[in-house]
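The values are calculated or read from the model by the stated rules, or taken from the named source; none is laboratory data. All values derive from a computational prediction rather than experimental measurement. Virtual Cβ from ideal backbone geometry, glycine too; neighbours counted across all protein chains shown.
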Amino acid sequence: MKNITVVVLTFNTSENIILDCLSSIDKDTKILIVENSNKFVHEKKILSKFDNVTIKCTGKNLGYGGGNNFGITEAKTDYILILNPDVICSKNFFSNIKNVIKENNDFSIIGCQYLYDKVFMPAGFFDKKKNKKFVENFRNDKIDDLSEVDWVTGCSMLLNNKKFKSKKIFDENYFLYFEEFDLCKSLIDKGEKIFSSKKLKIHHLGFKSSLDNNSTYKNNINHMREWHWMWSSFYFYKKNFNYLLALRKTVGKLISSIFKIVFYSLTFNKIEKEKYKYRFLGMYNAILNRPSSFRFNND
């Protein structure tokens, strides 16, 4: 456990969410909280409760990739567990992690699986046929304890630090979404190995990493998510395949967003109109090869 650092990336995350996450982590494991701003407001409370925690602030919001790169650079251990703050590890997670590493030390990334969520896949393949077969076997519990895959989700992933020459392993052109898929694609293209483990189970609350009771703040967060989801999806296909494929994959969503903006304007549904407006703007900027620069004022 002393050779693992858990990197928890926060951004204005509520105290109870962080406490639940930290309480599920083995007490002998180093924890590095990276606050994606210039101040971590829960510092005194956290440090008084957990003596295995170190806190670092980035100074500004670097996004998922930039924030985790910051934490990876600070970590000095052979293994790094990237963990979203809205994740709770299962009771036997850290006793199992030692065995998982011993079983196969030749990995770049090992992804975790969900305790309760049966809808979202925690891992898969970029090839449609292989992914369809994997999903079928996964749903029917016909996969191995450690399955080799093409990608894993980024809310909880174990990195073999020895496999990475650069500490900036995530592409910081992304601000939000698709960073882990992009990383996995680059590793697969190099012949590196990625696995999904049935022994590493987590409860992912989902979209609880950045919370605030202020309705304006919540709206801004949602607008930013919609914008970056579309921008990042286009950039992923453009970077890893080509511009024309990216356009073919996403142009339907662009057209759909335009029609829905018009429809929800006519039906006076402001919330849905704003949602698709920001989706359109994210895709529009990606198509024009503009950077993922959209932020809101209280960033």
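So how many residues does region 27-41 have that are surrounded by 17 or more Cβ atoms within 10 Å (Cβ to Cβ) and in a loop (DSSP other than H, G, I, E, B)?
4
Of all residues in region 42-70, which are assigned to a loop (DSSP other than H, G, I, E, B) and out of contact with any Gly (no Cβ under 7 Å at 6 or more places or on another chain)?
Result: 42, 50, 51, 52, 59, 60, 61, 62.
Taking residue 13, is it within 27 Å of residue 292 (Cβ to Cβ), under 18 Å from the mean Cα position of the chain (by Cα) and at pLDDT below 95?
Yes: the conditions hold for residue 13.
Here's a check for you: in region 140-163, which residue that is part of a loop (DSSP other than H, G, I, E, B) and modelled with pLDDT of 95 or more is nearest to residue 127 (Cα to Cα)?
Selected residue: 150.
Could you please tell me which pairs satisfy a Cβ distance under 7 Å, a separation of 6+ or placement on different chains, a first residue in region 155-181 that is within 14 Å of residue 70 (Cβ to Cβ), and a second residue that is in a helix (DSSP H, G or I) and hydroxyl-bearing (Ser, Thr, Tyr)?
Correct list of pairs: 167/73; 179/64.
Looking at residue 73, is it over 24 Å from residue 205 (Cβ atoms) and either under 18 Å from the mean Cα position of the chain (by Cα) or part of a helix (DSSP H, G or I) (or both)?
yes
Check residue 3 against each of (1) among the polar types (S, T, N, Q); (2) under 21 Å from the mean Cα position of the chain (by Cα); (3) modelled with pLDDT under 95 and name the one condition it does not meet.
(2)
Out of (1) closer than 27 Å to residue 283 by Cα; (2) surrounded by 17 or more Cβ atoms within 10 Å (Cβ to Cβ); (3) basic (Lys, Arg); (4) at pLDDT 90 or above, the odd one out for residue 208 is which?
Result: residue 208 passes all but (4).
Go through region 97-136 and give me each residue that's among the polar types (S, T, N, Q) and at pLDDT 95 or above.
108, 113, 131
Scan region 262-276 and tell me whether some residue there is farther than 30 Å from residue 97 by Cβ and within 24 Å of the chain's Cα centre (by Cα). Let's see the steps before the verdict.
Taking region 262-276 first, the residues farther than 30 Å from residue 97 by Cβ are 262-276.
Those left that are additionally within 24 Å of the chain's Cα centre (by Cα): 275-276.
Yes: region 262-276 contains one or more residues that are farther than 30 Å from residue 97 by Cβ and within 24 Å of the chain's Cα centre (by Cα).
Could you tell me whether any residue of region 282-296 is among the hydrophobic types (A, V, I, L, M, F, W, C), within 19 Å of the chain's Cα centre (by Cα) and farther than 30 Å from residue 113 by Cα? Give the steps one after another, and end with the answer.
Step one: filter region 282-296 for residues among the hydrophobic types (A, V, I, L, M, F, W, C), giving 283, 286-288, 294, 296.
If we keep only those that are within 19 Å of the chain's Cα centre (by Cα) as well, we get 294.
Filter once more, keeping what is farther than 30 Å from residue 113 by Cα: 294.
The answer is yes, given that some residue of region 282-296 is among the hydrophobic types (A, V, I, L, M, F, W, C), within 19 Å of the chain's Cα centre (by Cα) and farther than 30 Å from residue 113 by Cα.
Please name all residue pairs, on different chains or six or more residues apart, with Cβ atoms under 7 Å, provided the first residue is in region 204-221 and is at positive phi and the second residue is surrounded by 17 or more Cβ atoms within 10 Å (Cβ to Cβ) and at pLDDT 75 or above.
206/86
Surrounded by fewer than 14 Cβ atoms within 10 Å (Cβ to Cβ), closer than 30 Å to residue 292 by Cβ and of a type outside the set (Phe, Trp, Tyr), is that true of residue 166?
yes
Looking at (1) in a loop (DSSP other than H, G, I, E, B); (2) aliphatic (A, V, I, L, M); (3) in contact (Cβ under 8 Å) with a residue 40 or more places away in the chain; (4) surrounded by 19 or more Cβ atoms within 10 Å (Cβ to Cβ), which one does residue 121 not meet, given that it meets all the others?
Tallying (1) in a loop (DSSP other than H, G, I, E, B); (2) aliphatic (A, V, I, L, M); (3) in contact (Cβ under 8 Å) with a residue 40 or more places away in the chain; (4) surrounded by 19 or more Cβ atoms within 10 Å (Cβ to Cβ), residue 121 fails exactly one: (3).
Within region 232-247, does at least one residue satisfy the condition of being exposed (fewer than 15 other Cβ atoms within 10 Å of the Cβ) and basic (Lys, Arg)?
Checking region 232-247: not a single residue is exposed (fewer than 15 other Cβ atoms within 10 Å of the Cβ) and basic (Lys, Arg).
Yes/no per residue for (1) basic (Lys, Arg); (2) more than 30 Å from residue 163 (Cα to Cα); (3) modelled with pLDDT of 95 or more:
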| position | (1), (2), (3) |
| --- | --- |
| 188 | no, no, yes |
| 212 | no, yes, no |
| 221 | no, yes, no |
| 233 | no, no, yes |
| 237 | no, no, yes |
| 247 | no, yes, yes |
| 296 | no, yes, no |
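Could you please find all residues in region 101-118 being touching a Leu at 6+ places or on another chain (Cβ under 7 Å) and without any contact (Cβ under 8 Å) to a residue 12 or more places away in the chain?
none
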